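These notes concern the structure reproduced below.
Computed from the coordinates by the stated procedures, all read-outs in this text should not be read as laboratory data. Just so it is clear, the structure is predicted and the values come from calculations on it, not from any experiment. As a convention, Cβ positions derive from the backbone with ideal geometry for all residues, glycine included, and neighbour counts pool all protein chains shown.
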Amino acid sequence: SYKQQPADDEVRVHTWRDATMSELTELLAQVHREVRQSGTKCTFKVLYPDANGKFVSHVIGSTAIGRRLHDDVSQKTLAQIRYQVGDFFSVAIYPPKSAMRPAQANAEEKKEEEQEAAETRTERRREGRDQEDE
């Protein structure tokens, strides 16, 4: 219901039908820090009730911070995508690939360092036992 507060991962937006998808992306960036990073991609899907009251969805396209995409809908307005009052958007937020690689690389490096440290400790223990046996 409209009177309920949005859930943690929801954003309630009040705008006009001449607002562009780029403007909606900027609004999301004001609320969600992860959207602000250059290269972040937002894929929009509109959800609306059909004649039977069952919700259906339709993929609109994507926007990105700082770059153009093959399915870029940045300049399309809500009116152009036939958005109606009461429709919902589902937005998938994809971080830039460059942001994911360092984190993955750091995790791998840390794992390798921990494994090497464990092997070194094991070797030292063996060396200590070998010296005791002599």
Query - Prolate/oblate/rounded call for the range 1-85, Cα gyration tensor, a/c under 1.5 rounded - result: oblate
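Using R₀ = 22 Å, calculate the FRET efficiency as 1/(1 + (r/R₀)^6) where r is the Cβ-Cβ separation of ASP9 and ASN52; round to 0.05.
Numbers: r = 28 Å, r/R0 = 1.25.
Approximately 0.20, to the nearest 0.05.
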Query raised in the report: Long-range amide H contacts for LEU78: which residues qualify at under 5 Å (H placed 1.01 Å from N, peptide plane, sequence gap of 5 or more or a different chain)?
Result: ALA19
Report summary line: Once amide hydrogens are built 1.01 Å from N within the peptide plane, the residues lying 5 or more places from GLY61 or on another chain with amide H under 5 Å from its amide H are PHE44
Query raised in the report: Can you work out ³J(HN,Hα) from phi for every residue in the range 42-53, in order, using Karplus 6.51 cos²θ - 1.76 cosθ + 1.60 and θ = phi - 60°, giving whole Hz and x for Gly and Pro?
Result: 10, 9, 9, 10, 9, 10, 8, x, 7, 4, 8, x
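Residues with beta-carbon under 11 Å from that of ALA29, excluding ALA29: net charge, scoring Lys, Arg +1 and Asp, Glu -1? Intermediate values should be presented prior to the final figure.
Values: positive: ARG33, ARG36; negative: GLU23, GLU26, GLU34.
Every neighbour counted, the sum reads -1.
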Query raised in the report: Measuring from label point to label point, each 7 Å out along Cα→Cβ, what is the ARG17 to GLN84 span in nm?
Result: 1.2 nm
